[in-house]
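What follows is one structure encoded as structure tokens, with my remarks underneath.
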Amino acid sequence: MGEKLYACAGAVADLYQDMGGSVQWFGKPMPEALLSCLRETGLQDVAGDRVLMVGDSLQTDIAGADAAGFRSLFIAGGIHRDDWPSTLDALENDQLPGPAFEQIYGEGKPQPNWLMHRLIW
């Protein structure tokens, strides 16, 4: 996150693979990981465009929603909070920060349908 590197679930798989082990990846952003959640909850017949993926990670949550055909809500105040100063301006203007997303995340990458600074209730 930013300049700081955190170990996550993939770090163990990377280490094992570096040691010569065989790794089979399963999880976000792979669509099968998200679609399996629908099956587990009995919602497998719900159309993908009626599913909303809420998340704060562009690389896993938003990319996963796009891959699975789901709509997505990006929580800009999450893990990318320091990367997105222009997101706050866009929130005030009720606009998706398309050019800002492309500048930081890369051209042609999945973008959320909606965004919020934070999600509370």
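Key figures
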read-out	value
In the stretch 1-34, residue modelled with the lowest pLDDT [restricted to those that are aromatic (Phe, Trp, Tyr) and under 23 Å from Met53 (Cβ atoms)]	Tyr6
Residue check for Leu58: closer than 29 Å to Glu3 by Cβ, in contact with a helix residue (DSSP H, G or I) (Cβ under 7 Å, 6 or more places away or on another chain) and modelled with pLDDT of 85 or more	yes
Subset tally (residues that are over 10 Å from Leu34 (Cα atoms) and assigned to a helix (DSSP H, G or I)) for the stretch 50-79	7
Leu52 being of a type outside the set (Lys, Arg) and closer than 20 Å to Gln111 by Cβ	yes
Some residue of the stretch 34-47 being closer than 30 Å to Asp82 by Cα, aliphatic (A, V, I, L, M) and more than 20 Å from the chain's Cα centre (by Cα)	no
Candidates Phe70, Phe74, Phe101, filtered to the one that is modelled with pLDDT under 75 and surrounded by 11 or more Cβ atoms within 10 Å (Cβ to Cβ)	Phe101
Subset tally (residues that are outside any loop (DSSP other than H, G, I, E, B) and either surrounded by 12 or more Cβ atoms within 10 Å (Cβ to Cβ) or in contact with a Lys or Arg (Cβ under 8 Å, 6 or more places away or on another chain) (or both)) for the stretch 16-31	3
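The values are calculated or read from the model by the stated rules, or taken from the named source; none is laboratory data. Small disclaimer: the values here were computed from a predicted structure and weren't measured. Here the Cβ is made from the backbone with ideal geometry for all residues, glycine too, and neighbour counts use every protein chain on show.
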